[in-house]
Amino acid sequence: MLTDLREATTELHRQIEEENTAGRIMDHSISMEEYKNLLFQNYVAYAISEKEISAQLSGYKGTKHKELEKDLEQLSVPVKIPSFPGDNFSCNSEAEALGAAYVVEGSAMGGM
């Protein structure tokens, strides 16, 4: 099943990574401003998703946004989360929260 899932999503992952600044970290071509923006974007995404996951899963301790917050503070980047039009990510059940947690945790593993 894992092999089938990997094969079915390979092209989507490739397309996302082409447009993602994170690849520029690996090839050392990212500027400091791009790096700060990337950290902030990840901070916002994790803060919003971890809050929603925690609301449905009492044992979930989402800490990725807190770690990114420390990095941003060291770089003198404000950590206020802006409001976005159509900002409507939510987990409305334990099953949705488990799915979101799977994606959040999996993204961290893939980044390693």
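Put simply, the C-alpha atoms of the chain give a gyration tensor, and the ellipsoid matching it has half-axes of 24, 22, 12 Å, longest first.
Grab the DSSP H runs of the chain that are 4 residues or longer, score each as -39,500 (n - 2.57), total them, divide by all residues and round the 222 nm result to the nearest 500 deg cm²/dmol. Can you show the working numbers first?
Numbers: 5 runs with 77 residues, N = 112.
Rounded to the nearest 500, the figure is -22500 deg cm²/dmol.
In percent, what relative contact order does region 2-107 have, based on Cα pairs under 8 Å that are 6 or more apart in sequence? Spell out each step's value before the answer.
Numbers: 71 pairs, mean separation 27.3, N = 106.
Reported relative contact order: 26 percent.
Placing unit charges on each Cβ (+1 for Lys and Arg, -1 for Asp and Glu) gives region 1-55 a dipole about its Cα centre, and among Leu5, Gln15, His28 the Cα reaching farthest toward its positive end belongs to His28.
Accessible surface for Val103 stands near 100 Å², nearest 10, in the context of the full protein assembly shown (1.4 Å probe). Net charge in the neighbourhood of Tyr60 (other residues with Cβ under 12 Å of its Cβ; Lys, Arg +1, Asp, Glu -1) is -1. Computed about its Cα centre, the charge dipole of the chain is approximately 380 debye, with only Lys, Arg, Asp and Glu carrying charge at their Cβ. Name all residues of region 20-51 having a backbone nitrogen under 16 Å from the label point set 7 Å from the Cα of Lys80 along its Cα→Cβ direction, giving them as ranges. Within reach of a label on Lys80: 44. Rounded to the nearest 0.05, the FRET efficiency derived from the C-beta distance between Leu57 and Thr10 at R0 = 25 Å is 0.30.
Could you count how many Lys pairs in the chain have their Cα atoms under 15 Å apart, skipping same-chain pairs fewer than 8 positions apart?
8
How much net charge surrounds Ser90 when only the other residues with a Cβ under 9 Å from the Cβ of Ser90 are counted, with Lys and Arg +1 and Asp and Glu -1? Intermediate results must be reported in sequence, preceding the final value.
Numbers: positive: none; negative: Glu52, Glu96.
Net charge in that neighbourhood comes out at -2.
The values are calculated or read from the model by the stated rules, or taken from the named source; none is laboratory data. Please read all numbers here as calculations on a predicted model, not as lab measurements. Counting neighbours? That spans all protein chains shown, and the Cβs are built from the backbone with ideal geometry, glycine included. The protein model used for the area step is the full one, side chains on, heavy atoms only, and it has no ligands, DNA or RNA in it. Shrake-Rupley method; radii C 1.70, N 1.55, O 1.52, S 1.80 Å.
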